[in-house]
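Working notes, structure below.
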Amino acid sequence: MHALRATRSWARFKRNIPLLAMFIPVVAFYLIFRYAPMFGYIIAFKQYTFANGVFGSPWVGLKWFELIVNDPFTLKIIWNTFFLSLLNIVVGFPFPILIALMLNEVRNMLFKKSVQTLVYLPHFFSWVIIGGIFITLFSQESGIVNKIITLFRDEPVPFLYQANTWISIYVGSGIWKEAGFSAIIYLAALTSIDPTLYEAASVDGAGKFRKIWHITLPGIRPTIFLLLILSMGNIMEVGFDHVYVLQNNVVYSSSEVLSTYIYKIGLLGAQFSRSTALGLFEALVGFILVVTANRVARRFNQSLW
């Protein structure tokens, strides 16, 4: 009996060799670029120097974590990171859903494909290009928006040099770049909804908004919860490129986040242990937020585990 099971298992394994071979690059990627670098977190508990190396550097315990907690500027940076990322989620998360719902209602395929192409296109631009576009638009001296504003008032508006307007530009540029591409997931989820539900709703006299509220949104609710839980894990990972290309010294206190601060003290300042401690702190907070979001989603029977 055991020999028969072993033979069947071996035959099944041989049939799946091509699929397993295709999976090898994925496993190698995560092992090399995700799990292997985690070994480097050890220097968060050491006074690391190039001369002594990872094993030769002296242990300092929780010194760098105590510094994070006791340094008001570091706490301010953590707050900036949390605030900007939370704002991205609260303001930006509904936009892909709205785009998908609107595109789903379009019946003219030529118009639909044209709009899809236009809203997807910014995703393929680098943040350097996106930053250049928004700086060109909102620059105080030569920006197109201020050129129009000065037609009606004497002084231009320093959009990039005021905390409130800088944050608005930061959030808006993120939505413009990623909302269209993220809508692909929701459009795919919409295809799984049974069309007969809409037909039955039409017979009952339901309008467009009733159908969206009672059929479409419940139909994609698992996808919404899934993406929300995953986005919570990245709440402390405000994109480095996004902030760095828009950042300037005037709004430094409001725009400095963990990713840019780690770059400056780690790579430019050679404070490797301190920057690693910040990275580990960031990862732990993300893990806690994912677990918390999953527990909340479990109340709605939409959890990942």
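The values are calculated or read from the model by the stated rules, or taken from the named source; none is laboratory data. Since we're looking at a predicted model, the values are computed, not measured. Virtual Cβ from ideal backbone geometry, glycine too; neighbours counted across all protein chains shown. Remember, those area values only see protein heavy atoms, side chains included, never the ligands or the DNA or RNA. Shrake-Rupley method; radii C 1.70, N 1.55, O 1.52, S 1.80 Å.
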What number of residues within region 162-182 satisfy the criterion of being in contact with a Phe, Trp or Tyr (Cβ under 7 Å, 6 or more places away or on another chain) and more than 26 Å from Tyr120 (Cα to Cα)? 0
Here are some residues: Phe95, Phe29, Phe13, Phe55. Which one is open to solvent by 50 Å² or more (accessible area, probe 1.4 Å) and within 28 Å of Ala270 (Cβ to Cβ)? Phe55
Tell me, which residue of region 183-197 that is assigned to a helix (DSSP H, G or I) and free of Cβ contacts under 8 Å to residues at least 24 places away in the same chain is nearest to His123 (Cα to Cα)? Ala188
Members of region 120-161 that are hydrophobic (A, V, I, L, M, F, W, C) and in contact with a Phe, Trp or Tyr (Cβ under 6 Å, 6 or more places away or on another chain): Phe138, Val145, Phe159, Leu160
Can you list residue pairs whose Cβ atoms sit under 6 Å apart, with the first residue in region 132-146 being in the same structural domain as Gln162 (by TED's automatic domain parsing) and the second being open to solvent by 70 Å² or more (accessible area, probe 1.4 Å)? Count only pairs 6 or more apart in sequence or on different chains. Leu137/Ile144
Going by the conditions given, is Leu280 of a type in the set (A, V, I, L, M, F, W, C), open to solvent by 60 Å² or more (accessible area, probe 1.4 Å) and part of a helix (DSSP H, G or I)? no
Considering only residues that are of a type in the set (S, T, N, Q) and either open to solvent by 60 Å² or more (accessible area, probe 1.4 Å) or over 13 Å from the mean Cα position of the chain (by Cα) (or both), which ones fall in region 212-245? Thr216, Thr223, Asn234
